[in-house]
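**Student:** Got a structure for you, written out below as structure tokens; questions coming shortly.
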Amino acid sequence: MFAWKDQSLISLFFLTALCFPQQVSCQHCVWYGECGKSSIEGKRLNCAYSGPPISLPEEGHALLQQLCPSLSYGNNTVCCDVQQLNTLNSNLQLPLQFLSRCPSCFYNFMTMFCELTCSPRQSEFLNVTNTEPYVDPSPQRANESIVAMEYYIGERFANAMYNACMNVEAPSSNVKALALLCGKDVKDCNATNWIQYMFNKDNGQVPFTITPIFSDDPVTSMLPMNNDTKSCNESVEDDGAPCSCQDCALTCGPVPQPPSLPPPWRIFGLDAMAVIMWIVYVVFLLLFSAVIIGSWCYRKKNIVSEYAPIDSNLAYSVNSTPIAGEPSCCDRLGERLENFLRIGFTKWGSFCVRKPWIVIFFSVLLIVICCFGLKYMKIITDPVELWSDPHSQARQEKEYFDSHFGPFFRTEQLIITAPNSSVHIYSPYPSGSDVPFGPPLAFDMLTQVLELQDGIENLKAYYNNETVMLKDICLAPLAPYNNNCTIFSVLNYFQNSFSVLNHSIQDDFYVYADYHTHFLYCVRSPASLNDTSVLHDPCLGTFGGPIFPWLVLGGYDDENYNNATALVVTFPVINFSNDTEKLNRAKAWELEFIKFVENYSNPNLSISFSAERSIEDEINRESKSDVTTVVISYALMFVYISLALGQIGDCSRILVDSKVSLGVAGILIVLSSVACSLGIFSYAGVSLTLIVIEVIPFLVLAVGVDNIYIIVQRYQRDERLHDETLDQQIGRILGDVAPSIFLSAFAETVAFFLGALSSMPAVRTFSLFAGMAVFIDFLLQITCFVSLLSLDIRRQEKNRLDILCCVPGCNRNRGTDKPKSWLFIFFKKFYAPVLMKDWIRPIVVSVFVGILSFSIAVVNKVEIGLDQSLSMPDDSYMLDYFGSLSKYLHTGPPVYFVVEEGHNYTTKEGQAMVCGGAGCNNNSLVQEIYTAAGISNYTKIGYAPSSWIDDYFDWVKPQSTCCRLYNDTEQFCNASVVNPSCMSCRPYTPEGKRKPVGEDFMKYLPMFLSDNPNPKCGKGGHAAYSSAVDLLDQNTDVGATYFMTYHTILKNSTDFIDAMRKARMIAQNITDNMDIPEKKYKVFPYSIFYVFYEQYLTIVDDTIFNLCVSLAAVFIVTVILLGFEFWSAVLMCITISMILVNMFGVMWLWNISLNAVSLVNLVMCCGISVEFCSHVTRAFSVSTRGNRVQRAEDALAHMGSSVFSGITLTKFVGIGVLGLSKSQIFKIFYFRMYLAMVLLGAAHGLIFLPVLLSYLGPQVNKAKVQAALQRVRGTEQERLFNH
């Protein structure tokens, strides 16, 4: 220990001896005091002085201790006076506000300026190179002012200072602090040019040029200033904290790496699903072929014919089912249920024929009562209500955000290009590389855009005889102090002024600075109040906020904003969501805005544009234009149905045998069921959507018309028995067909009502209305339609004309047989027998299983989402806007990370959990978002967040001039106010330099949030954060707050969905990091698009749930109403499942994405598939033919023609017209999907299902066969039955 002390004393003596011969040099000044005015406005020159340091007056001791504590010792002999200290303090306010968040950076920065200004050893590293005479009235003052000097700075010091400051963030503007202080783009800034720029007279901040010379070694007689520095990961004070991870990479842990994308699932280098399904299909073909060939060989050896009679003595049929013997309990139960339904519907049918007018009257009364509810009908047009569940996470978060911070503003936007302009080159003065400027940044283009912008600002709209202008509805964050509208435009760099845009400094030979200079500075320092060039124009927008270049420029590469090929001009308008009157005023102005831009003509500018109301307007226009298409589609189906119902055998009786009036009545019943459904739910206060209006008539028409065809064609094929009256015949027919109609209608109704369990509003609303419409349609068809059918039959039997029922027509020739339906004959005589041939059926199974295998292979490749351009008409101006968005924009929507009410910001621990400066946690909220922005390709977070709490801490620091109070009133004193009674809010003490906590925190926070930024204090929070903090209890507590940043550019649904998912993941991590016992709040992300895209996070699960629930409902109803024939229900549901899976295959082939619209169509497809399959399945179940093949043929012959003509042909007529629509959404989601579901439904119901039943169908129900034989024994029907 003593040896160490001795060695230190020797070293000190040696250094003192070295210094002694040059005592004047060691303690020697080069200036003292201020004298003379600089050519820079408001700046003064320093007085040349070559004497020893002078003791600082006592009044300057506190300021010296505050600014330069390393020089504050002993008697404070320094080379500066109090005025110089005040000037230093004033000039360093801007760097203080941006660099002091990193203490070690600011310590090094202040060291450099303190040594320059006050060091008693100035002469070692400062060399005066030029002075000018100065005459002062006081003889004590120097007679020379310094106008040029050299500052020798150690390279080690310069690099250490730069390294400590290079990553410091400016929270309010989402840029690096050096972007505001270096005069260059951050990526081009280094230690040398940063210091050179700060000491250059041209930046407007120093009174004369100081030339820095960098060297670690002595230069001639000069010893470079090479003081000790602090690294950014070192604390300046013993109890202080190093710079935060956000400002210093050295304090961070390992840089997070985004997880690598999972490799595509492949087998043999091919898509795994495709390979697996190929293998499964090949294995199936081999096994199926083996079974078919083995069965064929077995039959060839033992069976004479597939169609051999059951009692053949030579052989037997493999498909035969003996009827003899006792039926099982299930058979008896099924027969009893069947008999109950048959008898019930028979009696009901007879009653409807006997009392037609009573039935019709009460049916019409029911319709009128239900339709009266239409007066209460409400149509949802708000996209949020339409697509977002009120109880969903995104919806609740939106309501939370709106209630605490106000709803997100309405957006009016222009994207402008200059097709006739070209790139021009700007050559900076006095030196520098040439800078290319994109076409829209030419001066004449900017002036034309400014004229357009001014025209929009002066637009007048009229609402209720009142004039509405942009200034009446715009977002003005500094109102009432500053009523300028927020306009995000590159022209706001020039304060939207022609004079500022045209401002230049030039002479006859050179242009020293013009709009190019100002533009290049402002894109680097958008929050600057002085561009530090010779222009000295502000960059801050007229509304008081920064104009970020990524928001107002498009089509540039990397961050070379000067290469922009598009200008983006955005007018935010207040969203008066809770004030209808004000909202309508805003919409009226938006309508004028749209008309103005549509009619604006300038050959030099190409403009894409959008208003907040544009999408809703265009959808409404599209809906109106598609009304004609829908009406034509339905009209053609009506005509077809009316004409096809008739059974005309003789041209002379065409007006008698036609059933136009009955067809029209049937269609009116279908439409009445839709109207009744709308009316009933309107009574209940359930709002409907455009999807309901467009889709449900199509669905109910398919179901209703099918039932009409089944009833009418069954009558047309029937023969009235001897002594049988019309009511008995109709009752018997209804007893035969109504159970089948009841089966399909009830299964669809239950399936749709269970579909209402969906969390998606569009699907839920559709399911409710569809279920009710199908059920009412069934009720009206077995009541009103049956009565109308009986009246039409009586008219026909009396040979009266159709429509003109009082006019007699031609009598039918005696002996003329009732005409047969050619379609029925085709199915019975040709189609059904051919399909049931032994060699056709295996081919059918192989083909359909192959199609199913393909669909399963691609089902996971169907895209999710809805491109909003598809909802626009082909001629919409919005299509051009969407194209420009994708082509030019570089930044996505803003995203707010909201901290719910409950977090304690007044404690040191609570502050550390959210802030991003020194002393904050490395996993704080701001730091987590900053880290996420570093891997933006993965997280979709584009920038570090703007942080109100970090800017507040910088604003409230005692060394800052931002936070001041009148010492007599304790009221806030803005930094721009010159008043000696304004004192710093907090004392410059160790306690005062710390972050405010407790009452101190809340005392000054309202002042910060009301302070407007100005040249003396750019940290005022009014413009940037006035809405970001929800103050409670008369400003005594902090409620909810938000931290805003931006997503990266999002071009398609996949990007939007992924961005929301990643933002929620980040917010959950932040919430988890806030490890507070009994915490009752969370952090969540909010962006305007989340409510629309949240459904896609769960749409796969929702789709599976909805379709499975629908299938389960169909299965249960089918099992019961088929008389507990479990296996028949299984086969029918398998077929419906195949249709649904194949729909996904079609969606992949036809580029139809999975979204709410397509999910509604899939749910509807399940319902229509029931129509295609249930009638054939039930006909097979009740058939009494001898074997499966014969029963399948019989079912197909009798039901196939009705299903084919009732659904397939009817829909083909209507679907063809939908393909002519101007709407992309109609063409894709209606024309393509409807066509697919009809084709697949018909193919599976009329081809695959009969073949499947012929192979795997259940055995005949012995009880049903015996009961059927018992019923017809001894009657005329026995002959027909045996035939």
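The values are calculated or read from the model by the stated rules, or taken from the named source; none is laboratory data. From a predicted model like this one, the values you see are computed outputs, not experimental measurements. Don't worry about glycine lacking a Cβ; one is built from the backbone with ideal geometry, like all the others, and counts go over all protein chains shown. The protein model used for the area step is the full one, side chains on, heavy atoms only, and it has no ligands, DNA or RNA in it. Shrake-Rupley method; radii C 1.70, N 1.55, O 1.52, S 1.80 Å.
**Student:** Mind checking which of Met637, Phe361, Val283 is farthest towards the positive end of the chain's charge dipole, using Cβ charges of +1 (Lys, Arg) and -1 (Asp, Glu) about the Cα centre?
**Tutor:** Phe361
**Student:** In Å², what does the accessible area per residue of the range 32-166 work out to with a 1.4 Å probe? Let's see the in-between values first.
**Tutor:** Working: 5430 Å² over 135 residues.
Heavy-atom accessible area per residue stands at 40 Å².
**Student:** Answer with one residue from Val511, Leu478, Leu452: the one whose Cα lies farthest towards the positive end of the charge dipole of the range 451-521, charges on Cβ with Lys, Arg +1 and Asp, Glu -1.
**Tutor:** Leu478
**Student:** At R0 = 45 Å, how high is the FRET efficiency between Asp723 and Val631 if r is their beta carbon distance? Nearest 0.05 is fine. List each step's numbers first, then the result.
**Tutor:** Details: r = 48 Å, r/R0 = 1.08.
Plugging the Cβ-Cβ distance into 1/(1 + (r/R0)^6) gives 0.40.
**Student:** For Thr209, list long-range residues whose amide hydrogen, built 1.01 Å from N in the peptide plane, is under 5 Å from its own amide hydrogen.
**Tutor:** Under 5 Å from the amide H of Thr209 lie the amide H atoms of Lys201, each far enough along the sequence or on another chain.
**Student:** Residues of the range 429-468: accessible area per residue at 1.4 Å, in Å²?
**Tutor:** It amounts to 49 Å² per residue over the range 429-468.
**Student:** Going through the range 820-895, which chymotrypsin sites (Phe, Trp or Tyr not before Pro) have at most 10 other Cβ atoms within 10 Å and a DSSP loop state? Could the numbers behind the result be given before it?
**Tutor:** Details: sites: Trp822, Phe824, Phe826, Phe827, Phe830, Tyr831, Trp839, Phe848, Phe854, Tyr877, Tyr881, Phe882, Tyr888; in loops: Trp839.
Qualifying residues, ordered by number: Trp839.
**Student:** So which helices of the chain fit the span-like rule, where a helix is a whole DSSP H run, its Cα atoms reach 24 Å or more along the axis, and its mean Kyte-Doolittle is at least 1.6?
**Tutor:** The answer, listed by residue number, is 660-683, 840-858, 1099-1121, 1126-1149.
**Student:** Still on this structure: Hey, can you grab everything whose amide H is under 5 Å from the amide H of Val147? Only 5+ residues off in sequence or another chain; H modelled, so Pro and N-termini drop out.
**Tutor:** Asn130, Thr131, Glu132
**Student:** Could you check the simple spin-label distance between Asn979 and Tyr510, using points 7 Å along Cα→Cβ, in nm with one decimal?
**Tutor:** 4.5
**Student:** Identify all lysines with a Cα-Cα distance to Lys993 below 29 Å; exclude those on the same chain that are fewer than 8 residues away in sequence.
**Tutor:** Within the straight-line cut-off, Lys993 pairs with Lys176, Lys230, Lys908, Lys957, Lys1003, Lys1016, Lys1019.
**Student:** Can you show me the helix-derived [θ] at 222 nm for the chain, built from DSSP H runs with n ≥ 4 at -39,500 (n - 2.57) apiece and divided by the number of residues, rounded to the nearest 500.
**Tutor:** -15500 deg cm²/dmol
**Student:** Quick one: which residues, 5 or more positions from Asp271 or on another chain, have an amide H under 5 Å from its amide H? H modelled 1.01 Å from N in the peptide plane, none for Pro or chain starts.
**Tutor:** Close amide H contacts, sequence-distant or interchain: none at all.
**Student:** I would also like to ask the following. Using the beta-carbon distance between Phe340 and Tyr298 and R0 = 45 Å, what value does 1/(1 + (r/R0)^6) give for FRET efficiency, to the nearest 0.05?
**Tutor:** On the way: r = 41 Å, r/R0 = 0.92.
E between Phe340 and Tyr298, to the nearest 0.05, is 0.65.
**Student:** What lysines does Lys378 reach when the alpha-carbon gap must be under 26 Å and sequence neighbours fewer than 8 apart in one chain are set aside?
**Tutor:** Counting by Cα, and skipping residues close in sequence, Lys378 has these lysines nearby: Lys398, Lys582, Lys587, Lys624.
**Student:** How about the range 1025-1126: which GluC sites (Glu not before Pro) there are in a DSSP loop, with at most 16 other Cβ atoms within 10 Å of their Cβ? Numbers along the way, then the final one.
**Tutor:** Details: sites: Glu1078, Glu1094, Glu1125; in loops: Glu1078, Glu1125.
Listed in order of number, the matching sites are Glu1078.
**Student:** Order these peptides, 784-791, 101-108, 52-59, by their mean beta-carbon neighbour count within 10 angstrom, highest first.
**Tutor:** Working: 784-791: 23.6, 101-108: 26.9, 52-59: 14.4.
Highest-to-lowest ranking by the protection proxy: 101-108, 784-791, 52-59.
**Student:** So if each residue of separation counts as 0.36 nm, and I subtract the Cα-Cα distance between Val435 and Leu779, what length gain in nm does that give? Don't skip to the answer; put the middle values down first.
**Tutor:** Numbers: separation 344, 0.36 × 344 = 123.84 nm, distance 7.80 nm.
Gain on stretching Val435 to Leu779: 116.0 nm.
**Student:** Run the quick spin-label model on Val135 and Trp1150: label points 7 Å from Cα toward the beta carbon, then report their separation in nm to one decimal.
**Tutor:** 9.6
**Student:** Can you tell me the FRET efficiency between Thr580 and Asn465 if r is taken as the Cβ-Cβ distance and R0 is 22 Å, rounded to the nearest 0.05?
**Tutor:** On the way: r = 17 Å, r/R0 = 0.79.
Computed FRET efficiency for Thr580 and Asn465: 0.80.
**Student:** In whole percent, how big is the carbon plus sulfur part of the accessible area of the range 347-389, probe 1.4 Å, protein atoms only? Don't jump to the answer; show the numbers that get you there.
**Tutor:** Working: 2000 of 2710 Å².
That share works out to 74 percent.
**Student:** What's the ranking of 857-867, 1247-1257 by average number of surrounding C-beta atoms within 10 Å, highest first? Spell out each step's value before the answer.
**Tutor:** Numbers: 857-867: 17.6, 1247-1257: 22.8.
Going from most to least packed, we get 1247-1257, 857-867.
**Student:** If the only charges are +1 at each Lys and Arg Cβ and -1 at each Asp and Glu Cβ, what is the size of the charge dipole of the chain around the Cα centre, to the nearest 20 debye? Show your work: numbers first, answer last.
**Tutor:** Values: 90 positive and 117 negative charges, 1537 e Å.
Around 7380 debye, computed over the chain.
**Student:** Along the Cα-to-C-beta direction of Ser499, a point sits 7 Å from the Cα; which residues of the range 533-565 have their amide N less than 17 Å from that point?
**Tutor:** Hits in the range 533-565 for Ser499 at 17 Å: 535-539, 542.
**Student:** Residues of the range 853-876 with amide nitrogen under 20 Å from the 7 Å Cα-to-Cβ point of Val275?
**Tutor:** Answer for the range 853-876: 853-861.
**Student:** Could you check the spin-label model distance between Glu901 and Leu591? Points 7 Å from the Cα along Cα→Cβ, value in nm.
**Tutor:** According to this spin-label approximation, the distance is 3.8 nm.
**Student:** Of the labelled options (i) 157, 117, 77; (ii) 145, 78, 58; (iii) 91, 80, 73, which one gives Cα extents along the principal axes in Å as computed for this structure?
**Tutor:** (ii)
**Student:** Okay, next question. Just to confirm the filter: which GluC sites (Glu not before Pro) across the range 939-1025 are DSSP coil and have at most 13 other Cβ within 10 angstrom of their Cβ? The partial results should precede the final answer.
**Tutor:** Values: sites: Glu970, Glu991, Glu999; in loops: Glu970, Glu991.
Loop-located and lightly packed - Glu970, Glu991.
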